[in-house]
Amino acid sequence: QVQLVESGGGLVQAGGSLRLSCSASLRTFSSYAMGWFRQAPGKERELVATISWRGGSTYYPDSVKGRFTISRDNAKNTVYLQMNSLKPEDTAVYYCAARRLGVTIATMRDVDYWGQGTQVTVSS
């Protein structure tokens, strides 16, 4: 059974930092593109970062570019999201996502597996 387990969420003040982790029980983790999405109350789930299977390629939307960094450790089956200079509008549930044999993740339809989500709350 495939599991993606996120951790590291919490409450932080604006301007602060958090580091999310996603541990994956994927037998061939290194063959998966990985990503992070977020969903705020009343809003659609949106992509915030994606990383290719070997980590050589990353993507960020303009809303988080320069503040968020995605990375992966294939030896530990783990993907990370370092979030700096957090803003109240970053408040959301953050989801880890995996795409088998994918170079990248562009939309929700690309995702084969989802984590259960971790809450990030940024206070002003």
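The table below lists the values:
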| item | result |
| --- | --- |
| Unique match (being without any contact (Cβ under 8 Å) to a residue 40 or more places away in the chain, surrounded by fewer than 22 Cβ atoms within 10 Å (Cβ to Cβ) and of a type in the set (Ser, Thr, Tyr)) among 30, 71 | 71 |
| Pick from region 80-107, criterion β-branched (Val, Ile, Thr) and assigned to a loop (DSSP other than H, G, I, E, B), ranking: surrounded by the fewest Cβ atoms within 10 Å (Cβ to Cβ) | 107 |
| Complete set of residues in region 104-118 that are in contact with a Gly (Cβ under 6 Å, 6 or more places away or on another chain) and over 12 Å from residue 33 (Cβ atoms) | 118 |
| Within region 90-111, tally of residues that are among the acidic types (Asp, Glu) and farther than 25 Å from residue 124 by Cα | 1 |
| Among the residues listed as 38, 19, the single one being open to solvent by 60 Å² or more (accessible area, probe 1.4 Å), outside any loop (DSSP other than H, G, I, E, B) and modelled with pLDDT of 95 or more | 19 |
| Residue 79 vs. criteria over 17 Å from residue 12 (Cβ atoms) and either of a type in the set (Phe, Trp, Tyr) or in contact (Cβ under 8 Å) with a residue 12 or more places away in the chain (or both) | yes |
| From 81, 47, 20, 101, residue being among the hydrophobic types (A, V, I, L, M, F, W, C), closer than 22 Å to residue 2 by Cα and out of contact with any Gly (no Cβ under 9 Å at 6 or more places or on another chain) | 101 |
| Subset of region 54-64 (residues that are open to solvent by 40 Å² or more (accessible area, probe 1.4 Å), closer than 21 Å to residue 40 by Cβ and in contact with a strand residue (DSSP E or B) (Cβ under 9 Å, 6 or more places away or on another chain)) | 59, 63 |
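The values are calculated or read from the model by the stated rules, or taken from the named source; none is laboratory data. Predicted model only: the values in this text are computed from it and were never measured. Cβ: placed from backbone, ideal geometry, glycine included. Neighbour counts: every protein chain shown. Heavy atoms of the whole protein, side chains included, go into the accessibility calculation; ligands, DNA and RNA do not. Shrake-Rupley method; radii C 1.70, N 1.55, O 1.52, S 1.80 Å.
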